[in-house]
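Reviewing the structure listed below.
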Amino acid sequence: MSGGAIVEALDREGLFCLLEGGLVRVPHLVRGRLVAPPAIGADEARAALAAAGPRASYARVAAREGRAGAQVLRETLVDRATMRARAERDRVLVLPDVDAAALLYEDPAAERAALAAVPFERACALLEDVAEASAPEAPLGRRLRSLASETSGLADVLLDAALATNAAMLRGAAVREVVDRELGVGGVAGSRFLDGWVELDAPGFDGPTAEILAELERRGGGGGPPPARGRPALRALPTLQIHVTAGNAPVVAPASAARILSTRSGGVVKLPSGAVLPGAALGLALTAAARAHPGAAALADGLSLVYWKGGDGRVEERLFEPTVFDRVVVWGAPDAVERIGALAGAAAIRTLTFNPRYGVSLVGREAFADARGVGGPAAAARRAAADTVIWNQRACIASLVHYVESDEAGALRYAEALRDALAAADAVAPAAPAPADAGWIQRLRRGALAGARWLPVGGAGRDLRAAVVVVPGPFDLEQHPLSRLVVVRRVDRLEEAVALCHRGVSTAGVYPEARRLALRDALAARGVSNVLPLGGCERAWAGMPHDGMRVLADLVDWVNG
Amino acid sequence: MSAVERIAELGGALRAAAAAWASGDAYDEGEATRLRHRAIAACHAHYRAAIPAYRRMCDDAGVGDDAGLAAIVESCTVGDDWFKSYDTAWLEAGDFGAMGRWLGDACAEGAAGAAAAAGAGGVDDWLERLERAGVHVLYSSGTSGKLSFVPRGPASWESYTANGPSYLMARLQRMGLNLSEMDAVVLGFRGGRMGIQRAGVEIARWVARVEYLYDFEIRADTLREALRARTPLSTGGAAASEADGREAAYARVLAACRRATAAGRAVWLFGAPYQVKELCARAEAARAPRFAPGSVVTLGGGWKSFEGERVQRAALAATIEGALGVGAGRVMEAYSMVELNSPLMSCEAGRFHVPPLLEPLVYDEALVPLATGPDVTGVFGFLDATTTSYPGFVVTGDEVRLVRECCPCGLVGPAIAGEVRRAPGHEVRGCGGILATVRA
């Protein structure tokens, strides 16, 4: 189906397009089949939200005779010029109810076997077409962009990058690159382990029973052929996975889906509130592309992309079925990590957790003497600003705290340079705190951080767009609003900042390079997963570990054969 | 006349207005409003002069000495975290010099803070030294275990102790209470500086006998230790069996209630809603006799971390009537906090009435003030124009519905209608999320 035809079909069905009353009907992908929400009008959807309570952002519409139930999400519109929420302007997404039973597999072993039988080359061809259909310039990509931009807090430059990334990571060549690197063993490309048994050039060692068997053979008269002692063989078999994703960036759910698809596995991706649409668009592109790839149909048939409200026992208590699922992946928010971890743990399903983490910047005293930082530490501040605004500071690698090796006057000079850099960043990629975050920042200014030195960007109070806060002592990370607010702490030596790092720190950006190389081992020893040059903390490479894990390698079953 | 004296004088006039408001005699709402606004302006100028952190906050927002009410409301209210904006490490290290400097930055009591710091041997010792220097410090605790310290010099303390009685006595008189003939049961500690305890301590001054759920003074060090360890409190501050300690304590207060009832004496029961609910359950289980006629129940402190046990006010009133025999008309609830000099008391119609001493405010989630209207819902704030030791302009963490209409009870002016709830929490945001125990 061509890109234009996908969108025309959606328009005919009244799906994935803006309808009267600010309503968007969003289909789920359930085991390769698109499930459309029931025909519910904007008035009924808004009435359900009103009944759920003042300012409710989620409601359910009960099923009734001849009509399935639905879920309703309220999303606040954003003024793209100012990136501020438009008071009292919103839209509602209507999604199908989730039937947990429909997400399970009647015969998990048969499902895994069918997935394993899909040649990797065919999988890549399918994903290439999915990428093509969902690319930003394709009709579906343009539709997604149009819908997502209405409510996204990401500036155009960030939103466009996110949507382009979502498509690019599904390109056949990209998938192959990642798989070959991340599943590769002993110099053998990873995709070969997906396609079949690979004999490894590895020495084998007999266990103690070899002697016993030899003795048994002697006593029994011997003569039988010894067990095969050929080269060991290894294969990466698909698994069935549940991914509970976070909505801090629009790339998270598609990235989870890409991990399922690129390991040729099956599973369920729980789409996050606030970023439902990119996942739904992926489902639309996948079903359209799958028609041209019958040899890879098992991939589409094995995947579900659905939203349910976190904690919904009707879904979660049924879904975490250990006889069906082999892996659970949970991202982000602590309540989700705790809840899903408990569900998966109780079911004894192997779980990969991307815990809540944050980034820091370590700025050495060389920043103040750097020839490029004419008039002060401007060069370091610009780089640190770039590491700060990663997904508007909501990514777990985004820098929240900057440790500056200087005296108090130097820390203030750095803070001023950083304020200027954040102001410049606001011109390039504008952002404004969401109302609740703006309120929280005000509370910090007028409460816990009353004694700190505040350097606002855009003005104090309701005009504030970002801020730098020079704090005299430790800061409770719990209180960080993740809205382009940087906490600056002065240290006498960067080693003091290293001592403040721990496993909760995902990423440290260090300046200058010589100091990074000198501190790299110490930071790694404290549990920091990425020790990177300041300004380069978002840079990635195919097969890069995530939170200290080779994730794809954990998402397949390695079988000795 | 100094600024503090001027504010104290205006506070006295406001108390007189509050007394008239409560009794319904010759109350001029317009005049009270003008008086309050004058006091607010005087407080604002005083805070700017005497509280450096307040001045910095105003300067950042471009708010000068002669700001109008709208600018003060928008930019000069402080959050409850203002009172715990010190570094916990100072307390851990016994650095009361730093605490004193904090009192001088966030509050107007730097001189007393500096004087009390020398030689202080612990938090309680420091607080006692402050008291000897004329500064009463009350504190409250959150679930984080970090205490909010609210200092009151002589003028602010006078307002704290006098504001409430100025308008509450009329209510007590209408209820026909004869305090000197009553027994009090306070579901709290015998003493200490916890803000929530003060009402019980004040009640105890007026009644014949008083029984405390915990018959010892709560000390800040003990409280901090217990909060850190999440252990129940006992006299020594050491961990004790929660079941043992609470069982015995409730048994003792129930016995006191029985004695009062047997002697025909009315009881004034004071406690947090979850405590009163528990006492009711225990009284019913023990088939305790109902309180004597004339008894009253006062609820204060909200549900706090017992939110899961919350019942609607009417349901709790029914429980109280069923278990203790005290009718809904004699169940009062106070809405207060340690930063507030003037508690809001609920009326028979279930509304918390705002006395003329306070300017009530409502904010949206972005902390932008909402326009005054007959019925506005949002985050509650207030301008308390009778505090001189700290900024009395506070935005709370409570969500309320503020109405402005004549109440069936007869009181005029603004009132909080319905239940008070914590404002929707700061949503956990994505991958960076909450790192509750992490300091960086």
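Things worth noting here:
- So A:ALA189, is it touching an Asp or Glu at 6+ places or on another chain (Cβ under 8 Å), within 23 Å of A:LEU552 (Cβ to Cβ) and free of Cβ contacts under 8 Å to residues at least 12 places away in the same chain: yes
- Subset of the stretch A:503-525 [among the small types (Gly, Ala, Ser) and either more than 13 Å from A:ILE397 (Cα to Cα) or touching a helix residue (DSSP H, G or I) at 6+ places or on another chain (Cβ under 9 Å) (or both)]: A:GLY504, A:ALA508, A:GLY509, A:ALA514, A:ALA518, A:ALA522, A:ALA524, A:ALA525
- Within the stretch A:458-476, being more than 8 Å from every other protein chain (Cβ to nearest Cβ) and more than 30 Å from B:ALA89 (Cβ to Cβ) holds for A:GLY458, A:GLY459, A:ASP463, A:ARG465.
- Annotation: A:LEU517 fulfils all but one of (1) of a type in the set (A, V, I, L, M, F, W, C); (2) touching a residue at least 12 places away in the same chain (Cβ under 8 Å); (3) more than 30 Å from A:PRO433 (Cβ to Cβ); the unmet one is (2).
- Residue within the stretch B:202-222 that is in a helix (DSSP H, G or I) and either basic (Lys, Arg) or modelled with pLDDT of 85 or more (or both) present: no
- When the stretch B:177-195 is filtered for residues that are out of contact with any helix residue (DSSP H, G or I) (no Cβ under 9 Å at 6 or more places or on another chain), assigned to a helix (DSSP H, G or I) and not charged (D, E, K, R), the ones remaining, listed by number, are B:SER180, B:GLY195.
- One residue stands out among those in the stretch B:69-82 that are in a helix (DSSP H, G or I) and of a type outside the set (Gly, Ala, Ser): the one that is nearest to the other protein chains (Cβ to nearest Cβ), which is B:ASP81.
- Residues within the stretch B:83-94 that are crowded, with 17+ Cβ neighbours inside 10 Å and within 11 Å of chain A (Cβ to nearest Cβ), tallied: 7
- Residue ID - farthest from the other protein chains (Cβ to nearest Cβ), chosen from residues in the stretch A:227-266 that are farther than 18 Å from A:LEU29 by Cβ, surrounded by 24 or more Cβ atoms within 10 Å (Cβ to Cβ) and modelled with pLDDT under 95: A:ALA249
- From the list B:ALA155, B:ALA162, B:ALA120, B:ALA170, the lone residue that is assigned to a helix (DSSP H, G or I), modelled with pLDDT under 90 and either over 23 Å from the mean Cα position of the chain (by Cα) or among the aliphatic types (A, V, I, L, M) (or both) is B:ALA170.
- Residues of the stretch B:353-373 classified as modelled with pLDDT under 95 and more than 14 Å from chain A (Cβ to nearest Cβ), total: 2
- A:SER506 meets each of the listed conditions (1) touching a Gly at 6+ places or on another chain (Cβ under 7 Å); (2) surrounded by fewer than 19 Cβ atoms within 10 Å (Cβ to Cβ); (3) in a strand (DSSP E or B) apart from (2).
- Which listed residue is basic (Lys, Arg), surrounded by fewer than 20 Cβ atoms within 10 Å (Cβ to Cβ) and at pLDDT 95 or above, from A:ARG112, A:ARG181, A:ARG176: A:ARG181
- The criterion of at least 3 residues that are at the interface with another protein chain (Cβ under 9 Å from one of its Cβ atoms) and touching a strand residue (DSSP E or B) at 6+ places or on another chain (Cβ under 9 Å) is met, among strands (runs of 3 or more DSSP E) falling completely within the stretch A:336-455, by A:358-363, A:399-405.
Conditions tested, residue by residue: (1) crowded, with 17+ Cβ neighbours inside 10 Å; (2) under 25 Å from the mean Cα position of the chain (by Cα); (3) modelled with pLDDT of 95 or more; (4) not aliphatic (A, V, I, L, M).
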| position | (1), (2), (3), (4) |
| --- | --- |
| A:ALA497 | yes, no, yes, no |
| A:CYS501 | yes, yes, yes, yes |
| A:LEU523 | yes, yes, yes, no |
| A:CYS537 | yes, yes, yes, yes |
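- Verdict on A:THR287 being touching a residue at least 12 places away in the same chain (Cβ under 8 Å), under 21 Å from A:ILE6 (Cα atoms) and polar (S, T, N, Q): yes
- The set of residues from the stretch A:90-148 being assigned to a helix (DSSP H, G or I), more than 30 Å from A:SER2 (Cβ to Cβ), more than 24 Å from the chain's Cα centre (by Cα) and in contact (Cβ under 8 Å) with a residue 60 or more places away in the chain comprises A:ALA101, A:PRO108, A:GLU111, A:ARG112, A:ALA116.
The values are calculated or read from the model by the stated rules, or taken from the named source; none is laboratory data. All values reported here derive from a predicted model rather than from experimental measurement. Cβ atoms come from the backbone with ideal geometry, glycine included; neighbour counts cover every protein chain shown.
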